[in-house]
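Since the structure comes first, as structure tokens, the remarks are kept for the end.
Bear in mind that the values in this text are calculations on the coordinates, not laboratory data. Bear in mind that the values here come from a model prediction, so they are computed numbers and not experimental data. Neighbour counts run over all protein chains shown; Cβ positions are idealised from the backbone, glycine included.
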Amino acid sequence: MRENWRSTLSVVAGASALALSAVTATPALAYDAPVGPQEVRMPANVAIVEGGATEPGAAAPFPVDPVGPVETAVPGGQAEAVGTAKAAPSSSTCLGSTAAYGSSGCFQHNGDIIWAGDTKKDGMSAAVGVYTDYGRAEEVCVNKLGVDTWATCNKDYREDGNVRLRVLRYDGDTGKFYQPETWSGWIPVNGKF
């Protein structure tokens, strides 16, 4: 009788351990997932630079929409092509092409220009952070021009240095940055790998 009690206790202990492991190993349910974009903490001293509009008719570093230009209605019933470049220039023009949800960015070594492209209509702006390997303060080029546009920030980096891009979203109303974000590799400022 004493042996039956031990085997019963052993079965109860095993079942309890199995139930506990099932409870602790259960994955989070969908309703536990975060709602909306997740904030990204930036250093307090990061400079936010508003990108300027490109010259009318200037080619973007690569097309925002690979399908082609967007047509918008104009008074008089005509359609006008706006927004995207028809042909992308050679890959040597813009290096480190990096993209995340709603944002694209790259570095144009001839002129030290940061390109920030906004690819989603979500009320936020495209942001491209620039980091150097020689200690220059971080800066973020923000495109506040709207969806399907490119903005540029013209900088002057040390020719013997490297830059790294961080592409993410920016909410101008709150001054906060949001994921998803993507980082480029190190890009030589002089364009020579």
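Report the label-to-label distance for N110 and F193 in nanometres (one decimal), using points 7 Å from each Cα along the Cα→Cβ vector.
Here the modelled spin labels are 1.8 nm apart.
Need one number: nm distance between label points at I48 and K120, each 7 Å from Cα along Cα→Cβ, rounded to one decimal.
Output for this residue pair reads 1.9 nm.
Given the peptides 46-53, 110-117, 132-139, 177-184, arrange them by the average over their residues of other C-beta atoms within 10 Å, most packed first. Don't skip to the end; give the middle numbers.
Numbers: 46-53: 15.4, 110-117: 21.1, 132-139: 13.4, 177-184: 18.0.
Ranked from most to least packed, the peptides come out as 110-117, 177-184, 46-53, 132-139.
Using the beta-carbon distance between D171 and D133 and R0 = 41 Å, what value does 1/(1 + (r/R0)^6) give for FRET efficiency, to the nearest 0.05? Provide the component values of the computation, followed by the final result.
Working: r = 29 Å, r/R0 = 0.71.
E(calc), rounded to 0.05, equals 0.90.
Are any of the pairs K121/K155; K155/K192; K144/K176; K120/K176; K121/K176 more than 24 Å apart by Cα-Cα distance, and if so, which? If you can, show how the numbers build up before the last one.
On the way: K121/K155 27 Å; K155/K192 18 Å; K144/K176 14 Å; K120/K176 17 Å; K121/K176 17 Å.
Cα-Cα > 24 Å for K121/K155; rest within.
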